1. Going by the structure shown, is Arg25 part of a helix (DSSP H, G or I) and touching a Ser or Thr at 6+ places or on another chain (Cβ under 9 Å)?
2. List pairs: first residue in region 41-61 and under 17 Å from Asp11 (Cβ atoms), second residue of a type in the set (D, E, K, R) anywhere in the structure, Cβ distance under 6 angstrom, at least six positions apart or on different chains.
3. Specify the residue that is modelled with the highest pLDDT; the eligible residues are those in region 53-109 that are among the basic types (Lys, Arg) and assigned to a helix (DSSP H, G or I).
4. Looking at Glu15, is it charged (D, E, K, R), buried (at least 16 other Cβ atoms within 10 Å of the Cβ) and touching a residue at least 12 places away in the same chain (Cβ under 8 Å)?
Amino acid sequence: MDIPEFEDLLDRLGEDMSRWPAAQRQTALALLAQSSEARELLREAQDMRGLLSPSPVRAPVGLADRIVEQAIKRSPPEVQSDGASLLDQARNFIQANFSFGRLSFLSVCLLAGLYGGVLHSRIPEPERTFAVHDFFAYIIDLNHITE
């Protein structure tokens, strides 16, 4: 084995010679015993691997214990068990999680969706030159793009 062949094997198989095929490993070890240039190439390859390999990420000492402590300190959310009806529970949920502005916005979106999807498609207007419903149906249907 010569230096160019050894360098090629380093590039292809890596600097860990234990992973090389046995025959090539034996001839490479013989070359390393004789050639300082081969040893230098191996050292450079090992240095390069060290620079390219990521350093291990370690959590600070005691992090897991602090996380468990915080989880234990927090109590689970209160569950209503006073026999409230499903309607009352839903009303309480909505009052707790949605403000008036959000409910108004969602109501307007619902009405606009009903108008655009249901009511608009039921109103015949043959004199209209631009049908909004057909336009949106055309946009949503992606078959025209592939044709």
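The values are calculated or read from the model by the stated rules, or taken from the named source; none is laboratory data. This is a predicted model, so every value here is computed, not measured. Every residue, glycine among them, receives a Cβ derived from its backbone with ideal geometry; neighbour counts consider all protein chains shown.
1. yes
2. Leu41/Glu7; Ala45/Glu15; Gln46/Glu15; Arg49/Glu15
3. For region 53-109, the residue satisfying everything is Arg66.
4. For Glu15, the condition - charged (D, E, K, R), buried (at least 16 other Cβ atoms within 10 Å of the Cβ) and touching a residue at least 12 places away in the same chain (Cβ under 8 Å) - is met.
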